[in-house]
1. Criterion first (of a type in the set (Val, Ile, Thr), part of a helix (DSSP H, G or I) and either surrounded by 14 or more Cβ atoms within 10 Å (Cβ to Cβ) or in contact (Cβ under 8 Å) with a residue 60 or more places away in the chain (or both)) does residue 74 satisfy it?
2. For residues that are at pLDDT 50 or above and surrounded by fewer than 16 Cβ atoms within 10 Å (Cβ to Cβ), scanning just region 127-140, find the one that is farthest from residue 45 (Cα to Cα).
3. Give 25, 99 a once-over and let me know the one that is among the hydroxyl-bearing types (Ser, Thr, Tyr) and under 17 Å from the mean Cα position of the chain (by Cα).
4. With the checklist (1) farther than 25 Å from residue 164 by Cα; (2) open to solvent by less than 70 Å² (accessible area, probe 1.4 Å) in hand, flag the one item residue 2 doesn't pass.
5. All but one of (1) surrounded by 15 or more Cβ atoms within 10 Å (Cβ to Cβ); (2) under 30 Å from residue 113 (Cβ atoms); (3) not β-branched (Val, Ile, Thr) hold for residue 150; state the number of the condition that does not hold.
6. Can you find, within region 79-126, the residue that is modelled with the lowest pLDDT among those that are outside any loop (DSSP other than H, G, I, E, B), surrounded by 18 or more Cβ atoms within 10 Å (Cβ to Cβ) and not hydrophobic (A, V, I, L, M, F, W, C)?
7. Only residues that are assigned to a helix (DSSP H, G or I), touching a residue at least 24 places away in the same chain (Cβ under 8 Å) and open to solvent by 60 Å² or more (accessible area, probe 1.4 Å): list them for region 191-206, please.
8. Please go through region 5-41 and pick out each residue that is part of a helix (DSSP H, G or I) and either open to solvent by 40 Å² or more (accessible area, probe 1.4 Å) or of a type in the set (Ser, Thr, Tyr) (or both).
Amino acid sequence: MKILVVDDEQDICEILQYNLETEGYEVVTANSAEEASELNLPSFSLILLDVMMGEMSGFQFARKLKEDKTTAQIPIIFITALDQEDNIVKGLNIGADDYMAKPLSMKEVKARVKAVLRRTNTVQAPPQPMPQETTTNEIRYEGIVLNIDSKSALLDGLELSLTKLEFELLVLFLKHPGKVLTREDLLTKCWPKDVYVLDRTVDVNITRLRKKIGRYGKQIKTRIGYGYCFEK
């Protein structure tokens, strides 16, 4: 897999490149968002992105990536000296998949990179007509069809581009309609056990899922003080 490291500190770029390459990844570095913009961004499987950089900040660059359909699905891990909760939430709301504060532990970096790649493994596919045959490994609700074997999702016959995490959240909701699922339920069943996740990370991912499933998004109800529920 190919990883892009964007940081204006050359030493950090070199340390990350060395350590990630020892794990078998192909690593490219850039010292600014502007320099990174010149690269073939859709070819990367993950971007490690510093926040405080020259003219274009990491937050601005991340928004640019998420607004472009060719790069919107690339997972992003913010790496920065800013570790206040507001900054973490801001990064997650933009679409980041994880957030780490400097100084970095290379052991933690490797673990988080591996976890993010595992849970955001997205299969891109062109729109496909909805199959007519029903199998026992499908979950259907009106216009939504989830195939458990192929890990694919259809909405009104068109392929949904869901991350692994979003797919598993939707499966869980459709398997338990009407049941309130706490954040702990969602974390236990959908997130890797070796990853520390804030409650607001759950909320952000639910928001993304609601947007992706269109008219059905409003059926994922928030139960304040309890969790979430899919109402049919």
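1. Numbers: of a type in the set (Val, Ile, Thr): yes; part of a helix (DSSP H, G or I): no; either surrounded by 14 or more Cβ atoms within 10 Å (Cβ to Cβ) or in contact (Cβ under 8 Å) with a residue 60 or more places away in the chain (or both): yes.
Judged against the criteria, residue 74 is not a match.
2. Start the filter on region 127-140 by keeping residues that are at pLDDT 50 or above, which leaves 136-140.
Filter again for surrounded by fewer than 16 Cβ atoms within 10 Å (Cβ to Cβ), leaving 136-137, 139-140.
Values: 136: 33, 137: 29, 139: 29, 140: 30 Å.
Result: 136.
3. On the way: 25 fails: under 17 Å from the mean Cα position of the chain (by Cα).
So the residue among 25, 99 that is among the hydroxyl-bearing types (Ser, Thr, Tyr) and under 17 Å from the mean Cα position of the chain (by Cα) is 99.
4. Failed condition: (1).
5. Just one mismatch for residue 150, condition (1).
6. 91
7. Listed by number, the list holds a single entry, 200.
8. Taking region 5-41 first, the residues part of a helix (DSSP H, G or I) are 10-21, 33-37, 41.
Matches in region 5-41: 10, 11, 14, 15, 17, 18, 21, 34, 35, 37.
The values are calculated or read from the model by the stated rules, or taken from the named source; none is laboratory data. Bear in mind that the values here come from a model prediction, so they are computed numbers and not experimental data. As a convention, Cβ positions derive from the backbone with ideal geometry for all residues, glycine included, and neighbour counts pool all protein chains shown. Accessible surface is based on the protein model in full, side chains and every heavy atom, while ligands, DNA and RNA are left aside. Shrake-Rupley method; radii C 1.70, N 1.55, O 1.52, S 1.80 Å.
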